[in-house]
Amino acid sequence: MPEETNSIDYVMEKASGPHFSGLRLDGLLSSPPSSSTASPSHRSASASDSNAPKQPFVIGVSGGTASGKTTVCDMIIQQLHDHRVVLVNQDSFYRGLTAEESKRVHEYNFDHPGFVNFDIIKSQPTAVSALSRHLVKSPINSCKALLSWKVNASDVIILEGILVFHDQRVRNLMNMKIFVDTDADVRLARRIRRDTVERGRDINSVLEQYAKFVKPAFDDFVLPSKKYADVIIPRGGDNHVAIDLIVQHIHTKLGQHDLCKIYPNVHVIQSTFQVVSKEASSDFGVGHNGWNKPIVQIRGMHTLIRDKEISKHDFVFYSDRLIRLVVEHGLGHLPFTEKQVVTPTGSVYIGVDFCKKLCGVSIVRSGESMENALRACCKGIKIGKLLIHRDGDNGKQLIYEKLPKDISERHVLLLDPVLATGNSANQAIEILIQKGVPESHIIFLNLISAPEGIHCVCKRFPSLKIVTSEIDVALNEEFRVIPGMGEFGDRYFGTDD
């Protein structure tokens, strides 16, 4: 039984209603419940270009009793109005009771993970398909009929419940994990009000159940799972700032999610969504990666460099920090060999030896902004130059090139902070291939990518890797990235107006 009640009556009541399956469709599913495929109108344009099945974006929402999990889920669903969303409640995975257990139902703590049957997920061919396509059965074997419901392939699945972070197999399904953190006194007051007013229970029974089952389970199982959260929301549904930021983040990740499924060689460095200041941290919360600290990480740095009011000094400073992260991530995709060294203590340490044959190639002139970060990471690295004329959506005229003579023997890090149409990038890549560089030896590094540019490059060069820090929404009619950051080279080198 869920933490919200430890009564068999509650479960039987849920089983008799149409929402017992834990799926709240909210009018977002256009086809009958038995259908296992999304209607064509709901498929993204990018997904239609791939034969691979579209996988949903899975969000886990956990927290204590009456913490505001449902409110947070409702607010996220309302703001994701342009996406199909299915809410799957943990209630759907409670195992059935034996006949003997049913006789002593009030003796059991149903907030214990032992009563949750997440094996239904593990048993499926792919774990996500269990959430997106497979039936969810009622846990009460004594019901007249076991209810089942097939979930349509959805853009977003929200898995909500007090124990959804407990099982590693379930955590591994999630693209994003949210913990709703509310003061224990507030949660208890809400629970008392809810159970006495809405469920007709007396206050003594509520307090007895809380002390005997709910609080121990929270301390033993729910609270420890907080460390797995990517985002922690203090004050639950009252924290509108945090929820708005999370929804913006989800919108961004949904675009990245689809493209990374279509093109496995596209890599987006992980945004830890860390806050910008101590003041902001009080509103936003704490994650297990330490993002309550006043350290500007990927999302915060993007916020700064995209701001048209930022000073040139700050633009360069935070751009350099982002570029360094992208370069380091890109280096992680290079081949390496095992190497043994002897430490000062006389011990043997088995490590790795980095790729020796390496060079950078910057697309002049914005790409030159990334050279210092590459030099800082790779001492003495050779860097070539390519100048390609850009005019609107046409970037195919080579003006100048200077490359290492032995470039065909090297792995190449191609540098350009913005991937827009992809035409100039394709021209640069074609030049490298003509020089004898294998396509699979090229890693394209940039700060932001437009979906159109990713499609353009990846379709033509499927073996090439792209490493970026964020995928933006689209290109406008002037072929500028939206929301973008303007003319990066002009802003970085101080030649903008």
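Charges on Cβ only, +1 for Lys and Arg, -1 for Asp and Glu, centred on the Cα centroid of region 317-433; of Leu325, Ile383, Asn426, which one is farthest towards the dipole's positive end? Among Leu325, Ile383, Asn426, the one farthest towards the positive end of the dipole of region 317-433 is Ile383. Taking a ≥ b ≥ c as the square roots of the eigenvalues of the Cα gyration tensor of region 306-493, is the shape rounded (a/c under 1.5), prolate (a/b larger than b/c) or oblate? Judged from the Cα gyration tensor, region 306-493 comes out prolate (a/c at least 1.5, a/b above b/c).
Ordering of 63-74, 358-369, 300-311 by packing is 63-74, 358-369, 300-311, highest average first (other Cβ atoms within 10 Å, averaged per residue). Of the residues Pro417, Asn476, Val342, the one whose Cα sits farthest toward the positive end of the charge dipole of region 306-493, with +1 on the Cβ of Lys and Arg and -1 on the Cβ of Asp and Glu, is Val342.
Dipole size of region 300-436 about its Cα centre, with +1 on Lys/Arg Cβ and -1 on Asp/Glu Cβ: approximately 360 debye, rounded to the nearest 20.
Applying a threshold of 19 Å to the alpha-carbon distances of Lys435/Lys459; Lys405/Lys465; Lys357/Lys465; Lys253/Lys312; Lys226/Lys253 flags Lys435/Lys459; Lys405/Lys465; Lys253/Lys312; Lys226/Lys253 as lying beyond it. Scoring 442-451, 238-247, 183-192 by mean Cβ neighbours within 10 Å over their residues and listing the highest first yields 442-451, 238-247, 183-192.
Across region 306-493, Cα pairs under 8 Å and at least six residues apart give a relative contact order of 20 percent.
Descending by average beta-carbon neighbour count within 10 Å, the peptides 168-181, 218-231 line up as 168-181, 218-231, the highest first.
Since every read-out is calculated from the coordinates, none of them should be taken as a lab result. These numbers were taken from a predicted model, which means no experiment stands behind them. A quick note on method: Cβ atoms are made from the backbone with ideal geometry, for glycine too, and the neighbour counts reach across all protein chains shown.
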